[in-house]
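Participant: Following this message is one structure expressed as structure tokens.
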Amino acid sequence: MAREQLGVLNALDVAKTQLYHFTAIVIAGMGFFTDAYDLFCISLVSKLLGRIYYTDLTHPKPGTLPPNVAAAVNGVALCGTLAGQLFFGWLGDKMGRKKVYGMTLILMVLCSVASGLSFSDHPKSVISTLCFFRFWLGFGIGGDYPLSATIMSEYANKKTRGAFIAAVFAMQGFGILTGGIVALIVSSAFDHAFKAPAYSVDRGASLAPQADFVWRIILMVGALPALLTYYWRMKMPETARYTALVAKNAKQAAKDMSKVLQVQLEAEDEKLEKITEEKSNSFGLFTKQFAARHGLHLLGTTSTWFLLDIAFYSQNLFQKDIFSAIGWIPKAESMNAIHEVYRIARAQTLIAMCSTVPGYWFTVAFIDYMGRFAIQLMGFFFMTVFMFALAIPYHHWTLKANNIGFVVIYSFTFFFANFGPNATTFVVPAEIFPARLRSTCHGISAAAGKAGAIVGAFGFLYAAQDKNPTKTDAGYPPGIGVKNSLIMLGVINFFGMVFTFLVPESKGKSLEELTGENEEEEEAPQQQAASARTVPV
């Protein structure tokens with residue numbers, strides 16, 4: 001039986017959309033803006049790193065990162081993110097959202113700057129330094145996932161909560177877009193200032209010495225947005241749900257939210273004491289009670305995020321095929337090193353503008369009307385359909401006359417990932433778990449996603465190699481080919497659709513209603529069963 005809600009929490013649930021909501025979106029969203037910039041900007045400069053540190057001038061093609069080095073450079077931040085999601089998710093429930101929020105931001109700022117530095121110009125030293133600081137950068141980014149989602153969910157009203165949390169996540173799209181724009185500006189400026197011929201014309205001169213500054217500047221710019229929002233993050237009060245339900249301080253919760261909502265709220269110590277003393281509000285993560293009430297929910301959020309990220313991150317593998325097919329990126333030997341960065345950045349920026357960013361904001365617009373379940377199911381369904389549409393007639397799409405169709409379907413796959421499970425898997429774990437475990441459970445769900453990203457980014461990097469050993473990328477063993485890889489991704493998306501049925505719909509309900517934190521102690525099983533009967537026996 002549901003009891004009366006705490007006044008301070010009810011005030012948050014029914015509050016009209018006002019300035020503090022948008023302030024919270026911007027403050028939390030800028031963290032995600034930075035996260036996306038830092039995670040995805042490495043793909044813009046990885047080819048430049050290969051040219052600078054691994055070019056053999058006796059070879060007809062410019063250098064590329066060896067497979068093990070490419071895996072380390074691209075994957076070490078994902079590994080750090082996974083660790084950070086688990087650690088800071090747990091810490092956010094132990095110490096409070098606000099205290100931990102500042103730690104993650106400082107770590108991101110310091111490591112963004114440090115990742116653009118190195119102890120010498122020797123390839124091993126440069127790559128080792130880069131990987132070390134990108135791991136810790138990822139660790140800080142990992143903390144932003146559970147904390148941003150939890151803070152936004154606990155500040156929002158129940159009517160538009162989904163849109164607010166999705167808006168925070170949608171800042172990722174702008175982060176990816178900004179990464180492309182920064183790379184365009186930096187590479188264009190250096191390309192014009194330090195003219196260099198194509199590699200095929202003059203191998204040695206195609207790599208201007210100043211190219212080493214290009215990748216460092218692009219990586220280090222990621223520190224700026226995080227630094228700019230640090231002051232505002234520290235000014236945000238702790239969320240009322242943490243202060244009241246976890247820290248059990250009704251007076252402080254009422255005081256903080258009175259300032260935020262600009263209304264007078266009373267501390268309800270007696271009511272809070274009754275709520276927090278309930279046995280049903282004290283079970284831990286590794287208990288039978290949690291397994292009974294939220295076990296399937298946690299399985300649903302972890303499995304769907306894991307499966308989504310396998311598909312989502314592996315899609316990036318096929319970008320080089322797309323870009324080459326439509327002529328956005330010419331052959332490496334026909335360009336100088338800095339101009340290649342410009343062409344890659346231009347391609348990523350166009351994909352972000354036309355597909356990635358719109359998909360995120362479609363979710364923001366419709367999530368509180370359609371619901372989380374419908375959007376996630378729809379997204380997985382269309383990702384499955386489009387993956388099979390690419391895979392089954394794959395030879396057809398490789399013909400030059402059909403390249404545009406391939407690009408269109410590929411873009412729709414990205415669109416429905418973002419107007420679909422890429423957003424909802426972030427939103428739902430912040431809503432359906434109790435306040436004392438909310439950040440931890442979101443961190444576990446997000447970490448499962450990053451495990452999927454690691455599988456997608458590296459397992460499929462090898463799997464997508466051609467079956468013919470003479471046609472594989474340099475240093476890679478034969479794989480199962482792009483066609484079979486796409487079929488596997490279609491199957492993975494289908495299973496994402498299946499596991500979505502484990503995730504409850506949270507649209508329009510208060511957080512306490514979803515988690516059962518406002519329920520009174522259950523009756524004895526016999527009494528409960530008797531009261532549940534509706535017909536004589």
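The values are calculated or read from the model by the stated rules, or taken from the named source; none is laboratory data. Because the structure is a prediction, the values reported are computed rather than measured. Quick reminder, even Gly has a Cβ in these numbers, built from the backbone with ideal geometry, and neighbours come from all protein chains shown. Accessible surface areas use protein heavy atoms only, side chains included; no ligands, DNA or RNA. Shrake-Rupley method; radii C 1.70, N 1.55, O 1.52, S 1.80 Å.
Participant: Leaving out ligands, DNA and RNA, what percent of the accessible area of the range 340-473 is carbon and sulfur, probe 1.4 Å?
Facilitator: Values: 3370 of 4540 Å².
On the range 340-473, the fraction of accessible area on carbon and sulfur atoms equals 74 percent.
Participant: May I ask you to evaluate 6.51 cos²θ - 1.76 cosθ + 1.60, the Karplus curve with θ = phi - 60°, for each residue of the range 487-497 and list the ³J(HN,Hα) values in order in whole Hz, giving x for glycine and proline?
Facilitator: Couplings: 4, 4, 5, x, 5, 4, 5, 4, 5, x, 5 Hz.
Participant: Within the range 404-481, list the trypsin sites (Lys or Arg not before Pro) lying in a DSSP loop whose Cβ has at most 15 other Cβ atoms in a 10 Å radius. Spell out each step's value before the answer.
Facilitator: Numbers: sites: ARG436, ARG438, LYS450, LYS467, LYS471; in loops: ARG436, LYS467.
Taking the range 404-481 and a limit of 15 other Cβ atoms within 10 Å, the loop trypsin sites (Lys or Arg not before Pro) found are LYS467.
Participant: Magnitude of the Cβ-charge dipole of the range 2-51, K/R +1 and D/E -1, about the Cα centre, nearest 20 debye?
Facilitator: Working: 4 positive and 4 negative charges, 48 e Å.
Roughly 240 debye for the range 2-51.
Participant: Place the peptides 294-302, 439-447, 364-372, 24-32 in order of packing, highest mean first, counting for every residue the other Cβ atoms within 10 Å and averaging per peptide.
Facilitator: Details: 294-302: 20.2, 439-447: 27.3, 364-372: 18.4, 24-32: 23.4.
So the order, starting with the most tightly packed, is 439-447, 24-32, 294-302, 364-372.
Participant: Based on C-alpha coordinates, I'd like the Rg and Dmax of the chain, in Å.
Facilitator: 24.8, 92
Participant: Trypsin sites (Lys or Arg not before Pro) within the range 159-206: which are DSSP loop residues with at most 14 other Cβ atoms inside 10 Å? Show your work: numbers first, answer last.
Facilitator: Details: sites: LYS159, ARG161, LYS195, ARG203; in loops: LYS159, LYS195, ARG203.
Listed in order of number, the matching sites are LYS195.
Participant: I would also like to ask the following. Only four residue types carry charge here, +1 at the Cβ of Lys and Arg and -1 at the Cβ of Asp and Glu. Report the dipole size of the range 1-132 about the Cα centre in Debye, rounded to the nearest 20.
Facilitator: Numbers: 10 positive and 7 negative charges, 11 e Å.
So the dipole magnitude of the range 1-132 works out to roughly 60 debye.
Participant: For the pair GLU273 and LYS288, how long in nm is the line joining their label points, each one 7 Å along Cα→Cβ?
Facilitator: Here the modelled spin labels are 3.1 nm apart.
Participant: Using all alpha carbons of the range 17-109, what is the percent of pairwise distances in each 5 Å bin, ordered from the shortest bin to the longest?
Facilitator: 3, 10, 15, 17, 14, 11, 9, 7, 5, 3, 2, 1, 0
Participant: List the pairs from LYS98/LYS255; LYS259/LYS507; LYS16/LYS509; LYS158/LYS507; LYS99/LYS450; LYS16/LYS235 whose alpha-carbon separation is above 18 Å, in the order I gave them. Kindly include the intermediate steps, with their values, before the conclusion.
Facilitator: Values: LYS98/LYS255 16 Å; LYS259/LYS507 27 Å; LYS16/LYS509 15 Å; LYS158/LYS507 8 Å; LYS99/LYS450 24 Å; LYS16/LYS235 22 Å.
Violating the 18 Å Cα-Cα cut-off are LYS259/LYS507; LYS99/LYS450; LYS16/LYS235.
Participant: Can you find, among PRO209, ILE42, TYR199, the residue sitting farthest towards the positive end of the charge dipole of the chain, where Lys and Arg contribute +1 and Asp and Glu -1 at Cβ?
Facilitator: TYR199
Participant: Pop out the carbon and sulfur fraction of the accessible area of the range 47-120 as a percent, whole number, probe 1.4 Å. Each step should come with its number before you reach the end.
Facilitator: On the way: 2140 of 3010 Å².
Heavy-atom surface of the range 47-120 belonging to carbon and sulfur, 1.4 Å probe: 71 percent.
Participant: For the range 228-321, with only Lys/Arg (+1) and Asp/Glu (-1) charged at the beta-carbon, what is the dipole magnitude about the Cα centre, in debye rounded to 20?
Facilitator: So the magnitude is around 120 debye.
Participant: Rounded to the nearest 10 degrees, what's the angle between the helix 223-235 long axis and the longest principal axis of the chain, both from Cα atoms, 0 to 90?
Facilitator: The angle comes out near 10 degrees.
Participant: At a threshold of 8 angstrom on Cα-Cα distance, excluding pairs fewer than six apart, so keeping six or more, what relative contact order does the chain reach in percent?
Facilitator: On the way: 953 pairs, mean separation 128.3, N = 537.
It rounds to 24 percent for the chain.
Participant: Can you give me the % of accessible surface on the range 154-219 that is carbon or sulfur? Probe 1.4 Å, all protein chains present, nothing else counted.
Facilitator: Working: 1650 of 2390 Å².
Whole-percent figure for carbon plus sulfur exposure: 69.
Participant: Next question, about the same structure. Counting only the heavy atoms of the protein chains, how much of CYS41 is accessible to a 1.4 Å probe, in Å² to the nearest 10?
Facilitator: 0
Participant: Still on this structure, I have one more. Return the whole-Å distance between the Cα centroid of the range 417-476 and the Cα centroid of the range 347-370.
Facilitator: 19
Participant: For the range 130-267, report the accessible area per residue in Å² (1.4 Å probe, heavy atoms, rounded to an integer).
Facilitator: Values: 5430 Å² over 138 residues.
Using a 1.4 Å probe on heavy atoms only, each residue of the range 130-267 averages 39 Å².
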